[in-house]
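K.L.:
Please find one structure pasted underneath; my questions will follow.
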Amino acid sequence: MQSKKWWKEAIVYQIYPRSFLDSNSDGIGDLQGIIKKLDYIHDLGATVIWLCPVYDSPNADNGYDIRDYHAIMKEFGTIEDFDKLLSIAHQKGLKIVMDLVVNHTSDEHKWFRKSRQNQENEYHNYYIWKDGKNKAAPNNWGAVFGGPAWKYDKSAKQYYLHLFAEKQPDLNWENEKVRHGVYDMMSWWLEKGVDGFRMDVINAISKDQRFPDGEVQPGQKYGNSWNYVSNGPRIHEFLQEMNREVLSKYDIMTVGETSGITTEDALKYAGFDRNELNMVFQFEHVELGSDENGKWNDKPVPIPELKKIITRWQTGLDRKAWNSLYLGNHDQPRSVSRFGSDGKYREQSAKLLATLLFTLQGTPYIYQGEEIGMTNVPFQTIDQYRDIETLNTYRKLSAQYPQDPARVMRYIRAKSRDNARTPMQWDSSPHAGFSSVKPWISENPNYPEINVEKSLSDPHSVYHFYQKMIQLRKAYPALIYGTFLPFGEEESKTFCYQRQWKDQTLLILLNFSEGNASVPIPKAIAQRNRKLLISNDSTRADQTLSQSITLQPFEGNVYLLG
Ligand code: NOJ
């Protein structure tokens, strides 16, 4: 039996502040902009906001490189603005979860500035410094954003590790002072009243202290570090310590970003009996289709694989741990472009994806703009992109495919993180109502067609469908706590399952294809009374469930079984 918790019942709305709403006409979103839209988020039905980093940062990686954990990024406002945001959100019944980025800091953080001065000072050991080997880096690891993962520093006369950009040196979690420095900072925010943390790349904080070379894939220059940095030897010790020292003292929500983990790993991070985290973000479904270029390709998502992954996570964690449910975020392409279809069936498929998101077991996360069906951006040239990962990858792929620049741009357009970072589309006025001046990154040209104002005024819009799905989830505990029971696993276009909780059973039928699809319904289900609770097909009527049913393109239905 599942125990009830507020964070299991939460609906999270993720905000990327830089692209949400600019209130002071500098082309960059800010905290006052978020304050203005709290009612919008509340009316949608969300109960928690996850704020991507708002801390002081030189923005090498849009705030994931923190210079001062206790200050707000100048472009976003002040700590007073933050306090105001938190208190108004709380008045409206919205909780705020902060991004916690503690695998690394900015190289401009005071700890690193001291650390690099020489090898003797007490901060040196706050980061991961190594002597070179044969006049080269300590090992062959490559950084996630391209290039080597080690950088030589003249004053320290050693190399430091940066799993991400050069300006993101990795903290040395082996050092107790680092851990306690982080715990003090977390407590400072919790004492302010924040409601939890989303923990950035948290499964990478314990590194294999041997720092061995990684495997080099054919055609690649650097070795893969991931096996030696993720789920490392002391990871669970560190998280249990963090839980004991900080998390357990507050009634908060925690979610770890943990790429590359399996369901077995997840049970260790987020098992109900583990005293570590409430839940984790797994990556299997968003990494579908990765190949020798990693995520950089434009292959369609194979639906049978998607079903298998979701089914494995739903059943693997049932009653042992809690899933986090997401189809997009600030690092992923827009969900409708990736898992649905952003052409003729954009609205229909965005609603289908909402039906999936809100009918699985776990806590659903909506990424800003998903609720109006925002799509990938059709940028034509590389100078329109801003993301460090995209720009580095463009250079790498261009060197790899010198004869085929069109292919390079296809891959960038399909997978760039900037797809999710274009300005939120509020209305059809210039710059999508995001700002009165040219934004830091161009808006998606489809904003006159796809925007909040339009979605609010149309009762059949994607926004209103999200709102209804959220209401439905709140009304039927089976959608939150119920066991997930799939059927028709062998069907390649449809995804069907029941959710069962006490005497409540819901039936969910989803068609992930652009054509009609027939779903065979097992006899035991077909015989039961059923009531259609919601459908994204306005012509779908209640009575039609028999031993088989034909779904329209991207149709999704939820029934209550009697
Ligand atoms: C994951 C974050 O979501 C991403 O945006 C960031 O670039 C890396 N971690 C490094 O902090």
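K.L.:
Counting heavy atoms of the protein chains only and a 1.4 Å probe, report the per residue accessible area for the chain as a whole number of Å².
P.N.:
Roughly 38 Å² per residue, with all protein chains present.
K.L.:
Full-extension gain between residue 118 and residue 244, please, as 0.36 nm times their residue separation minus the C-alpha to C-alpha distance.
P.N.:
42.0 nm
K.L.:
On to the next question. Distance between the C-alpha centers of segment 108-167 and segment 1-75? Whole Å please.
P.N.:
A separation of 31 Å, based on Cα centres.
K.L.:
A further question follows. Taking 22 Å as the cut-off for C-alpha to C-alpha distance, list the pairs among 95/177; 74/110; 308/502; 5/502; 114/154; 36/438 that go past it. Mind showing how you got there, number by number?
P.N.:
Working: 95/177 30 Å; 74/110 17 Å; 308/502 26 Å; 5/502 17 Å; 114/154 14 Å; 36/438 20 Å.
In this structure, 95/177; 308/502 lie more than 22 Å apart at Cα.
K.L.:
Given the rule -39500 (n - 2.57) for each run of at least 4 DSSP H residues, summed and divided by the residues of the chain, what is its mean residue ellipticity at 222 nm, to the nearest 500 deg cm²/dmol?
P.N.:
Only helices count here, giving -8000 deg cm²/dmol.
K.L.:
Right, something else. Among 520, 82, 106, whose Cα sits farthest toward the positive end of the charge dipole of the chain (+1 at Cβ of Lys/Arg, -1 at Cβ of Asp/Glu, about the Cα centre)?
P.N.:
After comparing all options, I get 520.
K.L.:
If you put +1 on each Lys and Arg Cβ and -1 on each Asp and Glu Cβ, how big is the dipole of segment 232-363 around its Cα centre, in Debye rounded to 20? Spell out each step's value before the answer.
P.N.:
Working: 17 positive and 19 negative charges, 97 e Å.
Approximately 460 debye in magnitude.
K.L.:
With unit charges on the beta carbon (Lys/Arg positive, Asp/Glu negative), name the residue among 367, 341, 315 whose Cα is farthest towards the positive pole of the charge dipole of segment 293-412.
P.N.:
315
K.L.:
Turning to a different aspect of this structure: Rounded to the nearest 10 Å², what accessible area does residue 381 have for a 1.4 Å probe in the complete protein model?
P.N.:
Counting only protein heavy atoms, residue 381 exposes about 60 Å² to solvent.
K.L.:
Quick one: which of 513-519, 26-32, 14-20 comes out on top by average Cβ neighbours within 10 Å, and what's the full order, highest first?
P.N.:
14-20, 26-32, 513-519
K.L.:
Dipole size in debye (nearest 20) for segment 381-421 around its Cα centre, Lys and Arg Cβ +1, Asp and Glu Cβ -1? Walk me through the numbers on the way to the answer.
P.N.:
Values: 9 positive and 5 negative charges, 23 e Å.
Using Cβ point charges on Lys, Arg, Asp and Glu, segment 381-421 gives about 120 debye.
K.L.:
Something else about it: Under a cut-off of 18 Å between alpha-carbon atoms, report the aspartates and glutamates in cross-link reach of residue 320, not counting same-chain residues fewer than 8 places apart.
P.N.:
9, 264, 265, 273, 276
K.L.:
Which distance in nm do the two modelled labels at residue 157 and residue 514 give, with both placed 7 Å along the Cα-to-Cβ direction?
P.N.:
Spacing of the two 7 Å Cα→Cβ label points: 6.4 nm.
K.L.:
How about residue 351: which lysines have a C-alpha closer than 18 Å to its C-alpha, ignoring those fewer than 8 places off in the same chain?
P.N.:
307, 454, 468, 474, 493
K.L.:
Could you tell me what percent of the DSSP beta bridges with both partners in the chain are antiparallel, to the nearest 5?
P.N.:
Taking every DSSP beta bridge with both residues in the chain, the antiparallel ones total about 60 percent.
K.L.:
Set the Förster radius R0 to 51 Å, insert the Cβ-Cβ distance between residue 180 and residue 457 as r into 1/(1 + (r/R0)^6), and round the FRET efficiency to 0.05.
P.N.:
0.45
K.L.:
Be a star and scan segment 434-457 for residues whose amide nitrogen sits under 15 Å from the point 7 Å along the Cα-to-Cβ vector of residue 381.
P.N.:
442
K.L.:
Now, a different point. Using only Cα atoms, locate the centre of segment 481-558 and the centre of segment 226-283, then give the distance between them in Å, rounded to an integer.
P.N.:
Result: 35 Å between the Cα centres.
K.L.:
If the reach is capped at under 19 angstrom between alpha carbons, list the aspartates and glutamates near residue 84, excluding any in the same chain fewer than eight residues apart.
P.N.:
22, 30, 39, 56, 75, 99, 191, 195
K.L.:
Between residue 210 and residue 489, take the C-beta separation as r, use R0 = 56 Å, and let me know the FRET efficiency to the nearest 0.05. Don't skip to the answer; put the middle values down first.
P.N.:
On the way: r = 42 Å, r/R0 = 0.75.
With R0 = 56 Å, the Cβ-Cβ based efficiency is 0.85.
K.L.:
Hey, got the dipole for the chain? About the Cα centre, +1 on K and R Cβ, -1 on D and E Cβ, debye to the nearest 20?
P.N.:
It comes to approximately 800 debye.
The values are calculated or read from the model by the stated rules, or taken from the named source; none is laboratory data. This is a predicted model, so every value here is computed, not measured. Note: ideal-geometry Cβ built from the backbone for every residue, glycine included; neighbour counts use all protein chains shown. Side chains are part of the model used for accessible areas, which takes the heavy atoms of the whole protein and leaves out ligands, DNA and RNA. Shrake-Rupley method; radii C 1.70, N 1.55, O 1.52, S 1.80 Å.
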